């Protein structure tokens, strides 16, 4: 895909990985919606000094282009008995495409796995796992990891205190 590289008169235009150009107004919209996606179009338009119809068109375009991928309510895991957050480093025995795809498919099937990253360095994957307690984590390990023969090793690190939690993307 050919990337666009022109800028607006104020020089505040950026390009997403897929080539979507975001100007300063788009960035303002995204910054507001990342903090509160339930703001009305009328309120959003007033906050960015734009009339409501073009504001709504911009939001719809950002959704259609996949820049806004989901509208969700973030639930605090500590308030719904998901008291244990564990970061799990996983090394695989073999790293061929089929082995990687199989591991990733299995992680996508596990509701306890909230995030899964294929990473560089000494291990192959980093997982974020949410469970109720250590007993539930032990059950997860026995149910999931024991049934994946390609796992060479894994290391668990438990969250003691969450210092910062931010889901926004800096624009």
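No value in this document is a laboratory result; all are computed from the given coordinates. It should be emphasised that the depicted structure is a prediction, and the values quoted were computed from it without experimental measurement. Cβ coordinates were reconstructed from backbone atoms using ideal geometry, including for glycine residues, and neighbour counts include every protein chain displayed.
Overview of values
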{"read-out": "The stretch 83-120 and the stretch 132-171: distance between their alpha carbon centers, rounded to Å", "value": "10 Å"}
{"read-out": "Rounded FRET efficiency, nearest 0.05, which uses the C-beta distance separating residue 24 from residue 120 and R0 of 41 Å", "value": "0.75"}
{"read-out": "Ascending count of other beta-carbon atoms within 10 Å, so fewest first, for 134, 29", "value": "134, 29"}
{"read-out": "Ranking of 125, 117 by count of other Cβ atoms within 10 Å, fewest first", "value": "117, 125"}
{"read-out": "When the stretch 14-64 is reduced to its Cα atoms, the Kirkwood hydrodynamic radius in Å", "value": "11.1 Å"}
{"read-out": "Calculated FRET value between residue 65 and residue 128, using beta carbons and R₀ = 30 Å, to 0.05", "value": "0.65"}
{"read-out": "The chain, helix-only ellipticity at 222 nm - DSSP H runs n ≥ 4, -39,500 (n - 2.57), divided by all residues, nearest 500", "value": "-10000 deg cm²/dmol"}
{"read-out": "Entry for volume of the Cα convex hull per residue in Å³ (calculated from the structure that is shown) out of [x] 115; [y] 170; [z] 134", "value": "[y]"}
{"read-out": "Gain on full stretching of the segment that runs from residue 32 to residue 162 - 0.36 nm per residue minus C-alpha separation", "value": "44.4 nm"}
{"read-out": "Angle in degrees between helix 52-64 and the longest Cα principal axis of the chain, rounded to the nearest 10", "value": "30 degrees"}
{"read-out": "Global geometry of the stretch 85-171, whether rounded, prolate or oblate, following the gyration tensor of its Cα atoms and the 1.5 cut on a/c", "value": "oblate"}
{"read-out": "Relative exposure of 73, 156, 89, judged by other C-beta atoms within 10 Å (fewest first)", "value": "73, 156, 89"}
